[in-house]
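Read through the structure below, which is laid out as structure tokens, and then see the notes.
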Amino acid sequence: MHGCCVVTGLLGSARNSVDIPIHAEYKLDSESENFESKFELLMKDIFSNFSMHHERFDAYRSRIMGESAVFKSQVEDFFLPRN
């Protein structure tokens with residue numbers, strides 16, 4: 001929401017693209033042998049090319065901003081089903 005680039009691991013809901021729909025390059029395996037070096041390279045690239053990386057999160061930010069409306073619609077559908 002605040003324009004950050006999200007980098008996450010692969011544990012829990014972050015593993016799938018439904019719960020955390022970001023590009024795979026921003027999901028790092030913390031169990032991998034070279035996790036630290038991959039993280040370092042990604043961070044350097046994000047800081048060097050922020051506008052490009054920032055743009056790659058436009059769809060994710062839009063989805064987050066729409067979550068309130070989606071939730072409201074789901075609640076309405078539950079209590080006021082359309083036949």
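The values are calculated or read from the model by the stated rules, or taken from the named source; none is laboratory data. Predicted, not measured: the structure shown is a model, and the values here were computed from it. Quick reminder, even Gly has a Cβ in these numbers, built from the backbone with ideal geometry, and neighbours come from all protein chains shown.
For region 45-67, enumerate the residues that are farther than 14 Å from ILE20 by Cβ and touching a residue at least 40 places away in the same chain (Cβ under 8 Å). Steps first, answer last, please.
Applying the first criterion (farther than 14 Å from ILE20 by Cβ) to region 45-67 yields 45-55, 58, 62, 65-66.
Those that are farther than 14 Å from ILE20 by Cβ and touching a residue at least 40 places away in the same chain (Cβ under 8 Å): ILE46, PHE50, HIS53, HIS54, MET65.
Taking region 39-69, which residues are hydrophobic (A, V, I, L, M, F, W, C) and surrounded by 10 or more Cβ atoms within 10 Å (Cβ to Cβ)?
Step one: of region 39-69, the residues hydrophobic (A, V, I, L, M, F, W, C) are 39, 41-43, 46-47, 50, 52, 57, 59, 64-65, 69.
Result: PHE39, LEU41, LEU42, MET43, ILE46, PHE47, PHE50, MET52, PHE57, ALA59, ILE64, MET65.
In region 16-38, which residues are outside any loop (DSSP other than H, G, I, E, B) and loosely packed, with under 14 Cβ neighbours inside 10 Å?
Within region 16-38, ALA24, GLU25, PHE35, GLU36, SER37 qualify.
Collect the residues in region 1-15 that are in contact with a Lys or Arg (Cβ under 6 Å, 6 or more places away or on another chain) and part of a loop (DSSP other than H, G, I, E, B), keeping them in residue-number order.
Correct list: LEU10 only.
Sort out which residues of region 57-83 are modelled with pLDDT of 90 or more, of a type in the set (A, V, I, L, M) and within 17 Å of the chain's Cα centre (by Cα), and write them in order of number.
Once the filter is applied, which keeps residues that are modelled with pLDDT of 90 or more, of a type in the set (A, V, I, L, M) and within 17 Å of the chain's Cα centre (by Cα), region 57-83 yields only ALA59.
Quick one: what pairs do we get from region 2-21, first residue farther than 20 Å from ASP58 by Cβ, second assigned to a loop (DSSP other than H, G, I, E, B) and of a type in the set (Lys, Arg), C-beta under 8 Å, 6+ apart or different chains?
none
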